[in-house]
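**Student:** Below is a structure I'd like to ask you about.
The values are calculated or read from the model by the stated rules, or taken from the named source; none is laboratory data. This is a predicted model, so every value here is computed, not measured. Virtual Cβ from ideal backbone geometry, glycine too; neighbours counted across all protein chains shown. Accessible surface is based on the protein model in full, side chains and every heavy atom, while ligands, DNA and RNA are left aside. Shrake-Rupley method; radii C 1.70, N 1.55, O 1.52, S 1.80 Å.
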Amino acid sequence: MLDAKHFREGIEETAAALLRRGFQLDVEALTALEVQRKEIQVRTETLQSERNSRSKSIGQAKSRGEDIAPLLAEVGSLGEQLEAAKAELNQVQQELQSVIASVPNLPAAEVPEGADENDNVEISKFGTPKAFDFKVKDHVDVAEALNHGLDFAQGAKLTAARFVVMKGGVARLHRALTQFMLDLHSEQHGYAETYVPYLVNHASLHGTGQLPKFGKDLFHVEGESQDQVALSLIPTAEVPLTNLARDEIFEESELPVKLTAHTPCFRSEAGSHGRDTRGLIRQHQFDKVELVQLVKPEDSMQALEELTEHAEKVLQLLELPYRKVLLCTGDMGFGACKTYDLEVWLPGQDTYREISSCSNMGDFQARRMQARFRRKGAKKPELLHTLNGSGLAVGRTLVAILENFQQADGSVLVPGVLRPYMGGLERIER
RNA sequence: GGAGAGGUGGCAGAGCUCGGUUUAAUGCACCUGACUUGAAAUCAGGCGUAGGUUCACACCUACCGGGGGUUCGAAUCCCUCCCUCUCCGCCA
């Protein structure tokens, strides 16, 4: 959510900045609503004030034992007028709110303008894709040769399409990856390991921006009654981790807060039917190790560089070739002002595929969540900045290892850094 | 699952029985000033969040777990949901 000031003063500049990411702001409609809002709000508050003082004098008269009947008559239609004004105000504010809530974050100045992923800018490359002297298989076939290591048929039987069962060495490799990532970030990069709920309420989803716009991408759990709190499965640990700051005021000295968590993530992938139907790339349930930072505004851009490097470190230690891409305005997420994607090389697809997305959300989420901090000696709290990134998506990392470390004999070499987590195992066979 | 007790500002804690000079008492913590060589103690003042009007000084509105209701008026009464605590039962 943007500061309401962006829509009152300098709305033209705001509209221009939003146009960079292809968002058309209806300046006229918004300005008209704002004029209405102001008039109605002033009128409502005046009525309110009037009612308060009259009620007060009724109370005073009563305590003096005077007859309050004439005073009551005087109040007359005030209540109805007030109620009508309140309803009107409510209506306008809801309209304003729904417009404002659907406006994405302003892109940072250095973000390249563009329409889609084709306009993203490659920043750097790490490693070189291995040359194989045999015909490479994709991860589905590699795992299949390892005793049905990835069993999509069984996943579909238990649940539905886009669910998987992992077995044996592949399942263990998957577990080793999460352990390795968590240890790296908590021991080397200064993130506090955190365990969080996998079901969250709507206030949390609204805080990070999944609601109100993107509810169809989530799995929802119904409550027993309509009044009960509705819960949803988290699409990413970003939601619970970032919402830890909701309605909090931090001391300046407590920042930055750096958190990491390993969770499953659940996505209904609405609108992606028919894409990546084969394999582990796009599942309804996948594991991810998430990185979240809460920082002072002036530190957030530097923090994004560091957070991205922390995610890159995982790929480097796993010896997986990847490239780092700066997303263009058209490809960024709703709440982001700047995003780097890390794309890992997948020989089975002969291409780079996204394995991590690291974003600076600026104060966009913080404003929704009222996540603030107080500078030393300052009276007023300020909104902090939030950042998040995958460090990394575990399922896709597993895909990358199966494909990049496959051997001619069908076995898969275990990257050196993972061996301690695999009981010293050097390769997965049969 | 059953029974009961609760949720009030940074913290503690009154107000709820009986709705109205309570724009939430009081204490602690915190900030500023006075006194002091400095500190402590003492004294005086300040001390929440959000929104709005205004060039400004100021003023106004909302907020006592969330939402709704009754009323001229709700922290206080009613409904509902959430959360915390105690006891019983069940359970990994």
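**Student:** Could you list, in sequence order, all residues of segment A:157-210 that are under 30 Å from A:ARG430 (Cα atoms) and part of a loop (DSSP other than H, G, I, E, B)?
**Tutor:** Matches in segment A:157-210: A:THR159, A:ALA160, A:ALA161, A:ARG162, A:PHE163, A:VAL164, A:LYS167.
**Student:** Take segment A:92-128 and flag every residue that is loosely packed, with under 13 Cβ neighbours inside 10 Å and over 19 Å from A:CYS337 (Cα atoms).
**Tutor:** Passing the criteria: A:GLN94, A:SER98, A:SER124, A:THR128.
**Student:** Also: Collect the residues in segment A:48-86 that are more than 9 Å from RNA strand B (Cβ to nearest atom), of a type in the set (Gly, Ala, Ser) and surrounded by fewer than 11 Cβ atoms within 10 Å (Cβ to Cβ), keeping them in residue-number order.
**Tutor:** Scanning segment A:48-86 gives A:GLY65, A:ALA69, A:ALA73, A:SER77.
**Student:** Looking at (1) surrounded by fewer than 13 Cβ atoms within 10 Å (Cβ to Cβ); (2) more than 10 Å from RNA strand B (Cβ to nearest atom); (3) over 26 Å from A:MET332 (Cα atoms), which is the one condition that is false for A:GLN36?
**Tutor:** (1)
**Student:** Show the residue pairs that are 6+ apart or on different chains and have beta-carbon atoms under 8 Å apart, the first residue being within segment A:329-340 and farther than 15 Å from A:ALA115 by Cα, the second being aromatic (Phe, Trp, Tyr).
**Tutor:** A:GLY335/A:PHE364; A:ALA336/A:PHE364; A:CYS337/A:PHE364
**Student:** Among the residues of segment A:75-98 satisfying the criterion of being out of contact with any Leu (no Cβ under 6 Å at 6 or more places or on another chain) and hydrophobic (A, V, I, L, M, F, W, C), which is nearest to A:GLU34 (Cα to Cα)?
**Tutor:** A:VAL92
Residue by residue, here is whether (1) open to solvent by less than 10 Å² (accessible area, probe 1.4 Å); (2) in the same structural domain as A:VAL289 (by TED's automatic domain parsing); (3) within 12 Å of RNA strand B (Cβ to nearest atom); (4) not charged (D, E, K, R) holds:
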{"residue": "A:LYS379", "(1), (2), (3), (4)": "no, yes, yes, no"}
{"residue": "A:GLY389", "(1), (2), (3), (4)": "yes, yes, no, yes"}
{"residue": "A:ARG396", "(1), (2), (3), (4)": "no, yes, no, no"}
{"residue": "A:GLN407", "(1), (2), (3), (4)": "no, yes, no, yes"}
{"residue": "A:TYR421", "(1), (2), (3), (4)": "no, yes, no, yes"}
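So that you can scan it fast, the table gives a plain yes or no per residue for (1) open to solvent by 70 Å² or more (accessible area, probe 1.4 Å); (2) modelled with pLDDT under 90; (3) in contact with a strand residue (DSSP E or B) (Cβ under 6 Å, 6 or more places away or on another chain):
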| residue | (1), (2), (3) |
| --- | --- |
| A:PHE132 | no, no, no |
| A:LYS135 | yes, no, no |
| A:ASN147 | yes, no, no |
| A:ALA176 | no, no, no |
| A:TYR195 | yes, no, no |
| A:PHE214 | no, yes, no |
| A:SER225 | no, yes, no |
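**Student:** Still on this structure, I have one more. Condition (residue is at pLDDT 95 or above, surrounded by fewer than 24 Cβ atoms within 10 Å (Cβ to Cβ) and either closer than 25 Å to A:PHE214 by Cβ or small (Gly, Ala, Ser) (or both)) applied to segment A:305-324: is it met by at least one residue?
**Tutor:** no
**Student:** Of everything in segment A:1-46 that's in a helix (DSSP H, G or I) and polar (S, T, N, Q), which residue is nearest to the chain's Cα centre (by Cα)? Write out each step before concluding.
**Tutor:** Going residue by residue through segment A:1-46, those that are in a helix (DSSP H, G or I) are A:5-8, A:11-19, A:27-46.
Then keep just the ones that are polar (S, T, N, Q); that gives A:14, A:31, A:36, A:41, A:44, A:46.
Values: A:THR14: 23, A:THR31: 30, A:GLN36: 33, A:GLN41: 34, A:THR44: 37, A:THR46: 41 Å.
Among residues in segment A:1-46 that are in a helix (DSSP H, G or I) and polar (S, T, N, Q), the one nearest to the chain's Cα centre (by Cα) is A:THR14.
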